[in-house]
Amino acid sequence: MTSSTLRRHFSAASLLHILAAFLLVLTPSTPRAQEPGISDTQAIEDCLEMGTRREGGRGSEPVSDVEIATFSFRTEVVHDAAAMCNRARKLRPDDAKVVAAQELCMQMVRMLVFGLNGPKDDERRFSQAFVIASTERKIPGAWAKFYLGMAFEYGLGAKADRLAAIHWYGAAERDGDMIAARERARLESIK
């Protein structure tokens, strides 16, 4: 086969599919914590486990579990990591490792929702997520609904509002997001 024949057979999209399939094998198969009663200590441990970069194979760049999950579109794992890291950062706002892991997890959530060239500030992200959640069905809409739940819970681009967070997590749950279901139940259990 000539190189031009190979290029025709292996477009960029098919190479991405092959890479995603390979990474899927390396990705954790289930989210770390699916029940609403997870302890604060466990949330911090899960955040650091999912959001900390570790050395890969020979000569490769360090990579985290949440990055692998993002590139293989394992959104439940990405949402779980972001939820655990947002909670961990609220508990330990001055812990550099927690802050770095939380920022990486949120970057991966934003990449799923908005793509590589998404809005650069929380207010614009919030507005765009609202449009996506209101107009898109299932996958992109569910991702945006989960993002809006986090935005309202943690005040990302909007004033923190527990009831609005519960609403948007519930909307993502109705689209099949089990991590959103857990986060909704957790917020509902807080009096």
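No value in this document is a laboratory result; all are computed from the given coordinates. Quantities reported herein were computed from a predicted structural model and do not represent experimental measurements. When we count neighbours, we look across all protein chains shown, and the Cβ atoms used for this are built from the backbone with ideal geometry, even at glycine.
Listed by chain and number, the lysines whose alpha-carbon sits under 28 Å from that of Lys90, ignoring those within fewer than 8 places in the same chain, are Lys120, Lys145, Lys159, Lys191. Region 34-189 gives an Rg/Rh value of 0.95, both radii derived from C-alpha positions and Rh following Kirkwood.
Checking every one of the GluC sites (Glu not before Pro) in region 95-175 against DSSP loop status and a limit of 16 other Cβ atoms within 10 Å picks out Glu136. For region 83-162, the Cα gyration tensor yields ellipsoid semi-axes of 22, 13, 11 Å (square root of five times each eigenvalue, largest first, whole Å).
For region 79-180, the list of trypsin sites (Lys or Arg not before Pro) that fall in a loop by DSSP and count at most 12 other C-beta atoms within 10 angstrom reads Lys120, Arg137, Lys159.
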